[in-house]
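*Asks:* Sharing a structure here in structure tokens format.
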Amino acid sequence: MADKNDSATKQLDAILSALQKSLLDASDEEITKELRTAGVDPLKAMQMMNFAEQNAIDDYYLRLRELLATRRVETLRKIEAARGQIPATRAAQLDLLRVIYSKHSQTLTAQFRELTSLENASDAELASMLEHLAVLGYVKFEQE
């Protein structure tokens, strides 16, 4: 198995060495000739490069998915922490939303909501808006 890995490493090194020499200026025929001179099958070189590229892409998206999952968990934790801090009464919730909106009306939007008619929002919507605004930093609760 070690011989196989060593052979693959040597082939990859040969591929990279051959490609480094005027790759941008060389024609396809010149690149093919360089690879063959280095003892590398051009088709295998292309397959190895495609394999390496696909592995790099897969690795990038794996790290990205892990980062997004971590951020999601952290955001859910922040929402849960804010949930316990929301004012208990509807009137207090509306007052808090009005204060937030008055301070940040130029930058604040609430997706699919008309903020001029907060009185029509359900209790669940009010609580949800306050939770999300807390996570975004528009409102600070004591033990956050």
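*Asks:* Just checking, does the range 71-83 include any residue being modelled with pLDDT under 90, surrounded by fewer than 12 Cβ atoms within 10 Å (Cβ to Cβ), in a helix (DSSP H, G or I) and among the acidic types (Asp, Glu)?
*Replies:* yes
*Asks:* Sticking with this one: State which residue is modelled with the lowest pLDDT when the search covers only the range 103-140 and only residues that are over 28 Å from the mean Cα position of the chain (by Cα) and either among the aliphatic types (A, V, I, L, M) or within 21 Å of residue 71 (Cα to Cα) (or both).
*Replies:* 115
*Asks:* Is there a residue in the range 93-102 that is open to solvent by 80 Å² or more (accessible area, probe 1.4 Å), out of contact with any Cys (no Cβ under 8 Å at 6 or more places or on another chain) and at pLDDT 85 or above?
*Replies:* There is at least one residue in the range 93-102 that is open to solvent by 80 Å² or more (accessible area, probe 1.4 Å), out of contact with any Cys (no Cβ under 8 Å at 6 or more places or on another chain) and at pLDDT 85 or above.
*Asks:* Also, I was wondering about something else. Take the conditions part of a helix (DSSP H, G or I) and either modelled with pLDDT under 90 or open to solvent by less than 70 Å² (accessible area, probe 1.4 Å) (or both) and apply them to residue 56. Does it pass?
*Replies:* When the stated conditions are applied, residue 56 passes them.
The values are calculated or read from the model by the stated rules, or taken from the named source; none is laboratory data. Note that the structure is a prediction, hence the values are computed from the model and not measured. Cβ coordinates were reconstructed from backbone atoms using ideal geometry, including for glycine residues, and neighbour counts include every protein chain displayed. Areas reflect the complete protein model, heavy atoms only, side chains present, ligands, DNA and RNA absent. Shrake-Rupley method; radii C 1.70, N 1.55, O 1.52, S 1.80 Å.
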